[in-house]
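First the structure, in the form of structure tokens, and then the observations on it.
The values are calculated or read from the model by the stated rules, or taken from the named source; none is laboratory data. All of these numbers come straight from a predicted model, not from anything done at the bench. Here the Cβ is made from the backbone with ideal geometry for all residues, glycine too, and neighbour counts use every protein chain on show. These accessible areas exclude ligands, DNA and RNA; they are computed on the full protein's heavy atoms, side chains included. Shrake-Rupley method; radii C 1.70, N 1.55, O 1.52, S 1.80 Å.
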Amino acid sequence: MKLADTLSRLDARVISGSPEVEVRGCYISDLLSDVLAHARPGALWVTLQTHRNVVSVAAMKDVAGVLITCGRQPDPAVVAKAAEEEVVLLSTPLTTFEAAGKLWELL
Amino acid sequence: MNPRTENLTPRRDAAGVSLAQALVYELRVRDAMTCRLRTASPRDSLRSIQLLMKEHRISGVPITRDSALLGLVSIEDIVHALDQGHINDPAEARMTRHPVVMRDHYSLVRAVAEFDRFDFGRFPVLDVGDRLVGIITRGDITGALMHHLERRAEEAVRKEAERTAAAVPDEPHRRFILNAEVRAGDFDSAGKLSQRLRQILRARGVEPSIRRRATIIAYEAETNMIIHSLGGRLTATVGADRVTIEAVDQGPGIEDLDLAMREGWSTAGPLARKLGFGAGMGLPNIRRSTDQLDIKSDLANGTRLHAEVLLQPARAP
Ligand SMILES: Nc1ncnc2c1ncn2[C@@H]1O[C@H](COP(=O)(O)OP(=O)(O)OP(=O)(O)O)[C@@H](O)[C@H]1O
Ligand SMILES: [Mg+2]
């Protein structure tokens, strides 16, 4: 499934990058080392972290994208870094729990 | 073949000091002043000096003898002379003696301060031997700043282009050394070296899983120095058959290394935790990702981590 196809169910908005990428699975964590240890390449990473380290970790793990929950917005410098590192950032007003529920059905 | 070395230490001026601010400290009066001087001798009439000013569109003429500065005739002096009817007097009769001068080694910050203090339009510039070497106006300062800003911008663009070109190394076995100074608490700079390492390994066609292992080690080692140490140095060397990562910090060292290597053990503080660190999984991640790992830590010398990742998967025995 394409990441783009999950957007409407998640009520998500694209903040950076193109969602026309294949998404395989999902990993949910707000702990960076945990994501580095356990997320699979190509997965959608769901978190409420918005710091620029999120972009570094996402790039290193080659995840399909990062879904930021609870309507949080990364600041412009983080968005610029995501664009530079070709990391897809999405934002949703849903809580992590709600997003997880929808993703469980979708993926 | 010489290795290629890149230093990825974050620039300090990124932390608030603008380039223009940095330049006013770096540049000297001699970098901004006008050196092609129009001078006159003490016997020249104010009239001839007025013509000199008109011809060269200048507002002040130093009066010299053998490049020693005797005085200054400014446009204000000329206006005054015309008004009072002594425009045909020799310069020495009416010039400003002992004008305030600047030295060619002054920084532009100091120069600007002098302009503010004295409210003159121009200053003669002397070198250490008291020789007149130039003249400076506020306009010269602005001009020099603009010129240097432009040059720096061009330089940055050129460097960026070189860097992009280098991202596809034409010599696949050339050694590549990346190093970066890591500062305690500098969360915003984390990941620069890993990012560059990722580019290089990608360009060399290194298998993604191996590339990930190498970048994760660099990143975890770097964030550990940012969070837990007083600062240190991170180096990644890409050789023909392996990536070597070294992280050397200045202390305070790890009290119980066995405990620290355990998954879930963390002494990270509240700020680090807020940013998503502190799972206590960094060192275990490093261990999982390396082909060879050596960590030495003591409370006197700090922590030294040496990790290697082989670029070819190990052959079955
Ligand atoms: N360079 C270092 N200097 C001093 N102490 C360190 C250093 N690196 C690690 N430690 C200690 O080892 C502990 C475990 O490190 P580890 O990287 O596994 O976890 P963490 O950094 O606390 O959390 P995480 O890496 O999951 O964000 C740290 O909490 C810290 O006490
Ligand atoms: Mg750590």
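Within the range B:245-268, residues that are under 30 Å from B:Leu311 (Cβ atoms) reach partners that are crowded, with 16+ Cβ neighbours inside 10 Å and basic (Lys, Arg) with beta carbons closer than 9 Å, at six or more positions or on different chains, in the pairs B:Glu246/B:Arg304; B:Ala247/B:Arg304; B:Val248/B:Arg304; B:Asp249/B:Arg304. In the condition set (1) over 26 Å from the mean Cα position of the chain (by Cα); (2) within 15 Å of ligand 1 (Cβ to nearest atom); (3) at pLDDT 95 or above, B:Ala214 is compliant with all but (2).
Here is the figure for the range B:104-127: residues that are open to solvent by 60 Å² or more (accessible area, probe 1.4 Å) and not hydrophobic (A, V, I, L, M, F, W, C) total 5. When the range B:134-150 is limited to residues that are of a type in the set (A, V, I, L, M, F, W, C) and open to solvent by 40 Å² or more (accessible area, probe 1.4 Å), the one that is farthest from the chain's Cα centre (by Cα) turns out to be B:Met146. The condition of being more than 29 Å from the chain's Cα centre (by Cα) and more than 15 Å from ligand 2 (Cβ to nearest atom) holds for only one of B:Ala260, B:Ala240, B:Ala268, that being B:Ala240.
Residues that are open to solvent by 10 Å² or more (accessible area, probe 1.4 Å), facing chain A (nearest Cβ under 9 Å) and either under 28 Å from A:Leu48 (Cα atoms) or not basic (Lys, Arg) (or both): does the range B:242-265 have at least one? For the range B:242-265, residues open to solvent by 10 Å² or more (accessible area, probe 1.4 Å), facing chain A (nearest Cβ under 9 Å) and either under 28 Å from A:Leu48 (Cα atoms) or not basic (Lys, Arg) (or both): present.
Exactly one residue out of B:Ser74, B:Ser41, B:Ser67, B:Ser59 is polar (S, T, N, Q) and buried (at least 17 other Cβ atoms within 10 Å of the Cβ): that is B:Ser74.
Among the residues of the range B:189-211, those identified as free of Cβ contacts under 8 Å to residues at least 60 places away in the same chain and either at the interface with another protein chain (Cβ under 8 Å from one of its Cβ atoms) or closer than 26 Å to B:Ser266 by Cβ (or both) are B:Ala190, B:Gly191, B:Ser194, B:Gln195, B:Leu197, B:Arg198, B:Pro208.
Find the residue count for the range B:11-67, including only residues that are hydroxyl-bearing (Ser, Thr, Tyr), over 20 Å from B:Arg138 (Cβ atoms) and at pLDDT 85 or above.
Step one: list which residues in the range B:11-67 are hydroxyl-bearing (Ser, Thr, Tyr), which gives B:18, B:25, B:34, B:39, B:41, B:45, B:48, B:59, B:64, B:67.
If we keep only those that are over 20 Å from B:Arg138 (Cβ atoms) too, we end up with B:39, B:41, B:45, B:48, B:64, B:67.
Subsequent filtering for residues that are at pLDDT 85 or above retains B:39, B:41, B:45, B:48, B:64.
Final tally of qualifying residues: 5.
If the condition is being in a loop (DSSP other than H, G, I, E, B) and either within 22 Å of B:Trp265 (Cα to Cα) or of a type in the set (Val, Ile, Thr) (or both), then the range B:212-241 contributes B:Ser229, B:Leu230, B:Gly231. With the requirement that a residue be assigned to a loop (DSSP other than H, G, I, E, B) and within 14 Å of chain A (Cβ to nearest Cβ), what does the range B:268-289 give you? Hits for the range B:268-289 are B:Ala268, B:Leu275, B:Gly276, B:Phe277, B:Gly278, B:Ala279, B:Gly280, B:Met281.
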